[in-house]
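The values are calculated or read from the model by the stated rules, or taken from the named source; none is laboratory data. Because the structure is a prediction, the values reported are computed rather than measured. So basically every Cβ, Gly included, is an ideal-geometry build from the backbone, and we count neighbours across all protein chains shown.
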Amino acid sequence: MRRRAALATVTVLALVVAACTSPPARFYTLSATAAPVATASRVSVVVGPVAVPAAVDRPQIVVNTSANQVTLDEFHRWAAPLQDTLVRVVAEDLVALLGTPRVSLYPQPLNAEVDYRVQIEIRNFESVPGNAASLDAFWTVRRNRDGRIETGRSSVREPLPDTSYDALAAAHSRGIARMSQDIAEAVRALERPGS
C-alpha cells in the first residue's frame, strides 16, 4: 500500500513539474544585409551612439498589438542589447556600402584618422508579426576635418511574409540596411570635391 501511495505521489509530482515547465526561450539577432559596392574606398567612419526608444530597449521582443498597446514576448528575445546590435549592423552595412574596412564602433576614441562620425536616433522601432517591421530614425553624419554635417531621416516599412520571429528579425535587418544606404549616400555627398 505504501509503495502504491509513493508511486502515485511521484507520478503526481512529475505531472505537476511537467505542466509547470515553460517552453524554451528563443533568441534572435539582426544581420547586415547591404550588398557590397564594387569600388574600394579609404574613408574611415565611426558609428554611434545609437539611441533606441526605452519601450523597445529590453531583452524581450516588443510586439505592437494595437496603436496604444504592446506585448513583451518572454520567449522570443534579442540575443544582445538592441542598441549594441544596431550599432554593429549599421557598421557592417556601411563597410559593404562604402567599400571600406575602416568602419568602427562607438565608443572608440575619436582620433585624427577618423573621417566621419555617424550618430543615430531611432524614434520608432515597431514589430507587428504577420504585418510589418517599421523603423523611423534621424541620423547625422559629421565630417571631422571641418565639422560639416549632413542630416537625414529614414522611414522604412518592411512587409512580413509570415508571423514568425525569424521573418520579423530579417525584415528589421532589411530596414536597417535601407537606413544605412541613406547614411552611405550622405557620406558620399560629403566626399565629393567642393563639398
Taking only segment 138-166 into account, find how many residues are part of a helix (DSSP H, G or I) and surrounded by fewer than 17 Cβ atoms within 10 Å (Cβ to Cβ).
1
Note on Arg117: of the conditions (1) touching a strand residue (DSSP E or B) at 6+ places or on another chain (Cβ under 6 Å); (2) in a helix (DSSP H, G or I); (3) surrounded by fewer than 21 Cβ atoms within 10 Å (Cβ to Cβ), unmet is (2)
Are any of the residues in segment 77-95 part of a strand (DSSP E or B) and either within 18 Å of Ser164 (Cα to Cα) or modelled with pLDDT of 95 or more (or both)?
yes
Residues located in segment 70-87, provided they are surrounded by 15 or more Cβ atoms within 10 Å (Cβ to Cβ) and polar (S, T, N, Q)
Gln83, Thr85
Which is touching a Gly at 6+ places or on another chain (Cβ under 9 Å) and either within 14 Å of Tyr28 (Cα to Cα) or charged (D, E, K, R) (or both), of Ala133, Ala91, Ala167?
Ala167
Pairs, first farther than 18 Å from Pro23 by Cα in segment 68-94, second of a type outside the set (A, V, I, L, M) and modelled with pLDDT of 95 or more, C-beta under 6 Å, six or more apart
Val90/Ser180; Asp93/Ser180; Leu94/Ser180
Within segment 113-134, identify whether any single residue is hydrophobic (A, V, I, L, M, F, W, C), more than 17 Å from the chain's Cα centre (by Cα) and at pLDDT below 95, and answer yes or no.
yes
Out of contact with any Leu (no Cβ under 7 Å at 6 or more places or on another chain), surrounded by 10 or more Cβ atoms within 10 Å (Cβ to Cβ), part of a loop (DSSP other than H, G, I, E, B) and at pLDDT 85 or above - does that describe any residue in segment 16-24?
no
Can you find, within segment 142-195, the residue that is nearest to the chain's Cα centre (by Cα) among those that are farther than 17 Å from Asp93 by Cβ and touching a residue at least 60 places away in the same chain (Cβ under 8 Å)?
Leu168
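Within segment 56-69, track down each residue that is in a strand (DSSP E or B) and either surrounded by 14 or more Cβ atoms within 10 Å (Cβ to Cβ) or on the phi > 0 side of the Ramachandran plot (or both).
Going through segment 56-69, the residues in a strand (DSSP E or B) turn out to be 60-66, 69.
Result: Gln60, Ile61, Val62, Val63, Asn64.
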Glu185 - would you say it is acidic (Asp, Glu) and touching a helix residue (DSSP H, G or I) at 6+ places or on another chain (Cβ under 9 Å)?
yes
